[in-house]
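Coordinate-derived values only; no laboratory data. Remember, it's a predicted structure, so these values are computed and weren't measured experimentally. Every residue, glycine as well, gets a Cβ built from its backbone with ideal geometry; the counts of neighbours run over all protein chains shown.
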């Protein structure tokens, strides 16, 4: 199988998507933040010294999705029609779920994954004075739809 991000000389290049159909596309990605229960309580309760970590992380995730093509060199800039970042808790982790949507010639997976990653890192940054042992885990694509390659669901 040929690698599409390499040209004939074997050099990295941005893929030509000029002939691809414009379709509605959606992707969902997740990241987990593992922390002490006390730290999770502070985050979820809005009681961190730095303020409302949940609100800041949601905004950071949305901003990151909008900047994905600037951060990942071979990623095409695309018009985003929707970006959502949700943060939920279980016993010892926070689950960051980012959903990105577009109507474009290429997928929106990288925008969703970038949003989830940056939101999780923002939570880490805001709570690090309480818990240096926190870990960001399992950044992954959960679902995608639209485009020539079809749908995916983990």
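Estimated from helical segments only, the mean residue ellipticity of the chain at 222 nm is -9000 deg cm²/dmol, where each DSSP H run of four or more residues counts as -39500 (n - 2.57). Extension gain, residue 128 to residue 71, is 18.1 nm, computed as 0.36 nm per intervening residue step minus the present C-alpha separation. Taking every alpha-carbon pair under 8 Å whose residues sit at least 6 apart, the chain reaches a relative contact order of 36 percent.
Which residues does the label zone of residue 63 cover in region 97-122, counting backbone N under 14 Å from a point 7 Å along Cα→Cβ? Once the point is set 7 Å along Cα→Cβ of residue 63, 115, 118-122 turn out to lie under 14 Å by backbone N, inside region 97-122.
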